[in-house]
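**Q** For reference, the structure I am asking about is given below.
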2 protein chains.
Amino acid sequence: MTEVKHMKWWGWGDDGIAFEHRDKPAFAPFVRKAIGLDVTAPAATARPFDALDVPESHLDPALRDELAGIVGAEHVHTDTMSRVVHTFGKSIRDLLRVRSGTLERTPDVVVYPGDEDEVQRLVDAAVAANAVVIPFGGGTNISGSLEPATDEERGVVSLDLGRLNQVLDVDEDSGLARIQAGAQGPDLERQLGEHGWTLGHFPDSFAHSTLGGWVATRSSGMQSDKYGDIADIVRGFRLVRPGGVVTIRPIPSTSTGPSVREMVVGSEGRLGVITEATVHVHRIPEVREIFGYLFPSWEAGLAAMRDIAESDASPSVTRVSDARETAFSFATRTASKKKITSLGSQALMALLRRRGWDLDQVCLSFIGYEGSASHVKYEKKLVKRIVGKHGGIGLGRGPGELYDQKKFDTPYIRDFLLDRGAAADVSETAAPWSKLRQLYEHTVAAAHSAYDDLGVQGWIMCHLSHSYHSGACLYFTFAFVHGEEPLKQYDHVKSAIQQAFIDAGGTLSHHHAVGVEHAPWLAQDISPEGVALMRGLFESADPRSNFNPDKIISPS
Amino acid sequence: MTEVKHMKWWGWGDDGIAFEHRDKPAFAPFVRKAIGLDVTAPAATARPFDALDVPESHLDPALRDELAGIVGAEHVHTDTMSRVVHTFGKSIRDLLRVRSGTLERTPDVVVYPGDEDEVQRLVDAAVAANAVVIPFGGGTNISGSLEPATDEERGVVSLDLGRLNQVLDVDEDSGLARIQAGAQGPDLERQLGEHGWTLGHFPDSFAHSTLGGWVATRSSGMQSDKYGDIADIVRGFRLVRPGGVVTIRPIPSTSTGPSVREMVVGSEGRLGVITEATVHVHRIPEVREIFGYLFPSWEAGLAAMRDIAESDASPSVTRVSDARETAFSFATRTASKKKITSLGSQALMALLRRRGWDLDQVCLSFIGYEGSASHVKYEKKLVKRIVGKHGGIGLGRGPGELYDQKKFDTPYIRDFLLDRGAAADVSETAAPWSKLRQLYEHTVAAAHSAYDDLGVQGWIMCHLSHSYHSGACLYFTFAFVHGEEPLKQYDHVKSAIQQAFIDAGGTLSHHHAVGVEHAPWLAQDISPEGVALMRGLFESADPRSNFNPDKIISPS
C-alpha cells in the first residue's frame, strides 16, 4: 500500500475535521439573512461511498504489467477509491459531481513513482502505449485541471507524485532549496524549518497542495507581496518529457530567449511531469506579525492598499475586505472578547459610530509585516501614516492573529453549506489599480443579475489581496441555495462573474489556473493570436495529446 | 527622408563624440601595462564609407512597390548607408566586420512604418512574398541578433520602428505607461519626465536603445534592483504577426497557463514585431543618490552585496568591481581632487595603507538609493552596517556622482581602442551567490588560458551588478591587441569565457540576449529538451522562417 495521504473523497481536508457553527452565535442569523438558508436545520445524510456509480477501470493489462514492473505492484492502484479520489480537484463543480453519485470517467490507474527515473519510465511507457498521463499533486485544484475528458477512449494514468516529498538540498548562501514536486506545504515547511528556513508560500490550500501543483498552476500565497508568486519563487526545475528531462538550472535572471521556465510554470501537466523544483527560501524572520485595520469604506480601503504599494514600505500581506466580507468575518468570530478592538464588538462599533462612520460600510483589513524587529517597526509606522490618511484606524495584533489561525479553515465552510443545499465557491482576478473599483461594481452587479435570472437570493463578497506595483487581486466568494440543477445554476453565476472580470479589464484568474473551467475566457484574456502561440507550443511538444489534454485550451 | 537618428556606421554613438584620453593622465600608462598598447601613438585612419564593398540590394520590384504603397516611398530606403547601418548591432564582431570593409549580406531594404496598421500591412506583404523580416530598434545589440544570414537568398526587410517613438498614455493610478516600441531611452524618459514619471530602466545602451529592443532581448538596466529587469517591467504589449496582433493586456499577475508574455520577451523578432508595450512607471523619487564604498578584497565586496540582498534594505543599485576594474576606474578619472575620498587619491591610499589594506586588492563599489529622504537615510544606515561588517569604508556621494555621469560613456572606449589595434568587449552572466566566486576564478583563468593560446597579453576585469535574492550578474570586460585575424582571435577568447560561465553554473548571458553569438551555449544552459520546446514554439509560429531566422537557436 502506498503511504500517501489524500483528502476526503466527498469534500475538503482531513476526515474528522469540519466547520462548526454552534460556537459562532452570529453565523446562523447571518447566513439566513444572506442567502435564506437555515443552517440549524438537519443536514442531508451523505451518500455512502459504496453507493457511487463508478465506471470500471479499462486498463490494458500489458500496460498495467509494465507500470507495475517500473514502480512495483504495490504502487499501482486500480481500486475504486483511488480512482475516485484522483478524478477531480475540489471545485464546487467537482464536489457537486462526486456527491451526485455518478462519475462518468475516472483515471484507469493511479501510479506512485518513487523517484525521477521511475517517472521517466512511466512517461515513456504511457506514451508508447498512447495512454493519457495526468500528473497529480495534492488534488486541491478548483479549475478543472485534473479531470479526464469524459469521452477519453485511451487509457488514463493518474501519476501521483506523493512519494516524492523530500527537501533534497538547501543552498544557504543563495537562499535556494531543491525540493521534490510531491511535497505538500506542511511537509516542506517542516523540513525547511528544521534548518531555520521558510519558503513563505502559503496559499489557502497550503495544508494539502504540493510544490509541483503550485508550479503547474501558477499559484500565489498569502504573503506573496514579500515572497512573490510561485512564478517568481521557482528558479529552476526538472520536467520529465518523453525520452528526456527539461533541466532549468536555478539562475537568478537570464536572457536565454523566450522563457522556457515561464512556459512550464502554469502548464498544468500539458508539457510533462515536474519532478522537482529549485525555489527561493528565506531565513525565518525575527518578527512575523499581522495587524488588523478598519476603513470607513471600500473606496478608502482600496486607496490605502494602492498607496502602500507605491510607498517605501513593503509589507508581506496587504488585504482589505469589502463591507459584506467584513460582516461575514464578524459573523464567524467565536467568542466576544472584552477588548474594544475585538472584531465586531459593541464597544468598537460604538466608537466608530461616535466618529461618524456608517457601520454598514466598515471594511476590515490585514497588513502583514516580516523582518527584523526594527524593520517591522519602521514599516508599521509608514503604513500607519497611510491608513490614517485614508481615515482608517488600527486594531493592533489581535484580529491579525485570529486571521492567521483561521486562514486555512475557510474551505471547510463550503462542505458545511453544501451539506445543507447551498453552493459556494470563489472566483478571483487581477487588474490594474485604476480598474479595480469598476471591476468590483461590475462583478457584483453581474452576479446579482445572474441570481435574478435563477430566481435565487445570492450572496457575493470580496477582498483585495496580493498587491503589486501596478494592481492587485480581487477575490470574490459567492453562494446561493441551489435547486435541482446545481451545476447548471453554478455555471450561470460563475460565467457571469468571469465575463465581468474580462469586460472590466481583469484576467480570468490571478492564481487558480485555467483548467477547463476558465478556458472559455482565455482568448478574450490573452487574445486569439496569443492562444495560437500557446497552441503551437502544446501541439509541437505533445503531438498525440498524451499529456493532460484539453486543459488550458479548449478542444477546437 | 525619414527622420530617425542612427549611430555611426563604424562605431558607437553619435558622430563627433569620442573617448578622449589626454585629460586622463593615468590612462595611457595603465593601458600600456595592461595589454602592451601605446595609446599615444597615432591611430589608424578610418576607412572612408565610399571604400566599403557592399552588395547591391536585390529587392523584388513588386515587393518594393508594395512596401512603398504602405508607408510611402519616402520611408522605403535602399541606399547603401541605410543598409549598412541596419546590417549589424554594435558587438566587437560587428565593428570588426563593418570596419573590414567587406559586408557579405545587408538587408535589401529598410522600411519605416508610421503606425501599427502599417506594421501589420508590411508584415503581411513581406510574408506573402516569403521575404525575411528583421525588426530594428536602436541597433545597439551585441549578440548578433540583427544580422541577416550571409546565405539568405530571400529578400531581407529591415523593419525600423524609429518613427514609433511616443509615450501614448500614462495610467497614473496604476503606474503604467503605454509606449511605442521605437522610443529610445532619452526620448521616453523626457516624455515621461514632463509628467513627473520615470521608467527607471537605464542599461549602458540607454542613450540609443529602444523599448522594443529591450523587450525583445530581455534587457536589464543599472537600477534593476529597484525597478526590475525589463521582463518584470513590461506587463503588456502588442505583437504584430501575420494576419493579426497578439494583445497582452497589462495585468499585474495572472495564471493564464504558459506565459505568452514571457514567450515574447526575449524573442528577438522571431515571433513577430512588437509595436508597443505597457510598462511600469514610477514617480520620480524625492532622492536619487549613488554612494561609493571601498572593500579590502573582492571576497569582502561579494559577501557584502550578498548580505545587502538578504537584508531589509532594497537599494536601487548594488555594484562592486574587482581589483582590476577598480584600478581601471582609478585610471580613467580626469582630475585629481583634493578630497581625501577622491578615487585613487594619494591621501586616500595612505589612509588605507595605514589600516593595513593591500592596495592591489582594493575593490570599488557603488550603492544606489532612491525614495523619500527619510527612506534613503534608513537604507543607507542598514547598508553602512553591512559594509562595516565586511571591512569596507564609505566614500560618500562624490564617486557615485562621477559614476552616474560616466556610465553611458564606456562603449566609446571600445572604438578608441579599436582605432589603435586592440579588441575589447564585454561578456556577462548570472549565477547563484554560492557559485559566484568560483565562476569568477574559472572565467579569469579561462580568459588567460585563451590569451596564452593566442600568444597575446590580454586583460580581463569584472564587476558584480544586478543583485537578486538568490544571486547576481557578473559582468566581465576583456581586451587584447589583436593580430591579422581579429575575428578568429576574438571568438577564441569569447568562447573560452562563455564556456567558463556554463561550466561554473552561470547562464550564457544575464541581459544581452542570445542572438547568434551565444546560441552555441543555449542547449548547455537550458538543456537540449528545453531547446526542443522553444524550437517547437518557433516552428509552429513561423513555419517558413520569415521572422529573423537563425537567431537564438542555431540552424540544425
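The values are calculated or read from the model by the stated rules, or taken from the named source; none is laboratory data. These numbers were taken from a predicted model, which means no experiment stands behind them. Note that each Cβ is placed from the backbone with ideal geometry, even for glycine, and that neighbours are counted across all protein chains shown.
**Q** Quick one: would you say residue A:311 is within 30 Å of residue B:431 (Cβ to Cβ), within 9 Å of another protein chain (Cβ to nearest Cβ) and in contact with a helix residue (DSSP H, G or I) (Cβ under 9 Å, 6 or more places away or on another chain)?
**A** Spelling it out, it is not the case that residue A:311 is within 30 Å of residue B:431 (Cβ to Cβ), within 9 Å of another protein chain (Cβ to nearest Cβ) and in contact with a helix residue (DSSP H, G or I) (Cβ under 9 Å, 6 or more places away or on another chain).
**Q** Tell me which residues, restricted to segment B:58-81, are surrounded by fewer than 15 Cβ atoms within 10 Å (Cβ to Cβ) and in contact with a Phe, Trp or Tyr (Cβ under 7 Å, 6 or more places away or on another chain).
**A** Of everything in segment B:58-81, just one residue is surrounded by fewer than 15 Cβ atoms within 10 Å (Cβ to Cβ) and in contact with a Phe, Trp or Tyr (Cβ under 7 Å, 6 or more places away or on another chain), namely B:81.
**Q** Still on this structure: Being outside any loop (DSSP other than H, G, I, E, B) and under 26 Å from residue B:410 (Cα atoms) is the requirement here; does residue B:39 meet it?
**A** Spelling it out, it is not the case that residue B:39 is outside any loop (DSSP other than H, G, I, E, B) and under 26 Å from residue B:410 (Cα atoms).
**Q** Then there's this: May I ask you to list pairs of residues, at least six apart or on different chains, whose Cβ atoms are under 6 Å apart, with the first in segment A:472-483 being of a type outside the set (Asp, Glu) and the second being surrounded by 24 or more Cβ atoms within 10 Å (Cβ to Cβ) and in a loop (DSSP other than H, G, I, E, B)?
**A** Going by the 6 Å Cβ cut-off, the qualifying pairs are A:473/A:510.
**Q** Which number in (1) closer than 24 Å to residue B:510 by Cβ; (2) touching a Lys or Arg at 6+ places or on another chain (Cβ under 6 Å) marks the one condition that residue A:239 misses?
**A** Only one criterion in (1) closer than 24 Å to residue B:510 by Cβ; (2) touching a Lys or Arg at 6+ places or on another chain (Cβ under 6 Å) is unmet by residue A:239, namely (2).
**Q** In segment B:42-77, how many are farther than 30 Å from residue B:23 by Cβ and assigned to a helix (DSSP H, G or I)?
**A** Matching residues across segment B:42-77 total 16.
**Q** Where the second residue is surrounded by fewer than 21 Cβ atoms within 10 Å (Cβ to Cβ) and among the aromatic types (Phe, Trp, Tyr) and the first is farther than 18 Å from residue B:171 by Cα and facing chain A (nearest Cβ under 7 Å) and lies in segment B:232-248, which pairs have Cβ atoms under 8 Å and are six or more apart or on separate chains?
**A** none
**Q** Separate question: Can you report the number of residues in segment A:13-37 which are surrounded by 16 or more Cβ atoms within 10 Å (Cβ to Cβ) and either of a type in the set (Asp, Glu) or over 27 Å from the mean Cα position of the chain (by Cα) (or both)?
**A** Here the count works out to 1.
**Q** If you scan segment A:399-415, which residues turn out to be crowded, with 19+ Cβ neighbours inside 10 Å and more than 19 Å from the chain's Cα centre (by Cα)?
**A** Selection gives A:399, A:400, A:402.
**Q** Taking the stated definitions as given, is residue B:244 surrounded by fewer than 24 Cβ atoms within 10 Å (Cβ to Cβ), more than 26 Å from residue A:436 (Cβ to Cβ) and not polar (S, T, N, Q)?
**A** Yes: the conditions hold for residue B:244.
**Q** Same structure again: Identify, by number, the condition in (1) under 21 Å from the mean Cα position of the chain (by Cα); (2) more than 8 Å from every other protein chain (Cβ to nearest Cβ) that residue B:511 doesn't meet.
**A** In the conditions (1) under 21 Å from the mean Cα position of the chain (by Cα); (2) more than 8 Å from every other protein chain (Cβ to nearest Cβ), residue B:511 misses (2) alone.
**Q** Still on this structure: Please verify whether residue B:281 is within 14 Å of chain A (Cβ to nearest Cβ), more than 30 Å from residue A:515 (Cα to Cα) and buried (at least 24 other Cβ atoms within 10 Å of the Cβ), treating the condition exactly as stated.
**A** Yes.
**Q** Same structure again: Could you tell me whether residue A:217 is more than 9 Å from every other protein chain (Cβ to nearest Cβ) and buried (at least 24 other Cβ atoms within 10 Å of the Cβ)?
**A** No.
**Q** Just need a number here: residues in segment B:331-368 that are among the polar types (S, T, N, Q), buried (at least 18 other Cβ atoms within 10 Å of the Cβ) and modelled with pLDDT under 85.
**A** 2
**Q** So is residue A:3 surrounded by fewer than 21 Cβ atoms within 10 Å (Cβ to Cβ) and either part of a loop (DSSP other than H, G, I, E, B) or of a type in the set (Asp, Glu) (or both) or not?
**A** Criteria met by residue A:3.
**Q** Sort through B:424, B:472 and tell me the only one that's among the hydrophobic types (A, V, I, L, M, F, W, C), touching a strand residue (DSSP E or B) at 6+ places or on another chain (Cβ under 8 Å) and buried (at least 24 other Cβ atoms within 10 Å of the Cβ).
**A** B:472
**Q** For segment A:79-100, give me each residue that is among the aliphatic types (A, V, I, L, M) and closer than 20 Å to residue A:418 by Cα.
**A** Those that are among the aliphatic types (A, V, I, L, M) and closer than 20 Å to residue A:418 by Cα: A:84, A:85, A:92, A:95, A:96, A:98.
**Q** Let me confirm something: among A:327, A:300, which residue is surrounded by fewer than 24 Cβ atoms within 10 Å (Cβ to Cβ) and either over 24 Å from residue A:382 (Cβ atoms) or in contact with a strand residue (DSSP E or B) (Cβ under 7 Å, 6 or more places away or on another chain) (or both)?
**A** Of A:327, A:300, the one residue that is surrounded by fewer than 24 Cβ atoms within 10 Å (Cβ to Cβ) and either over 24 Å from residue A:382 (Cβ atoms) or in contact with a strand residue (DSSP E or B) (Cβ under 7 Å, 6 or more places away or on another chain) (or both) is A:327.
Yes/no per residue for (1) β-branched (Val, Ile, Thr); (2) within 30 Å of residue A:123 (Cβ to Cβ); (3) touching a residue at least 12 places away in the same chain (Cβ under 8 Å):
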{"position": "A:485", "(1), (2), (3)": "no, no, no"}
{"position": "A:493", "(1), (2), (3)": "yes, no, yes"}
{"position": "A:521", "(1), (2), (3)": "no, no, yes"}
{"position": "A:535", "(1), (2), (3)": "no, yes, yes"}
{"position": "A:552", "(1), (2), (3)": "yes, yes, yes"}
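**Q** Looking only at segment A:366-398, how many residues end up being under 30 Å from residue A:353 (Cβ atoms) and either aliphatic (A, V, I, L, M) or under 21 Å from the mean Cα position of the chain (by Cα) (or both)?
**A** 9
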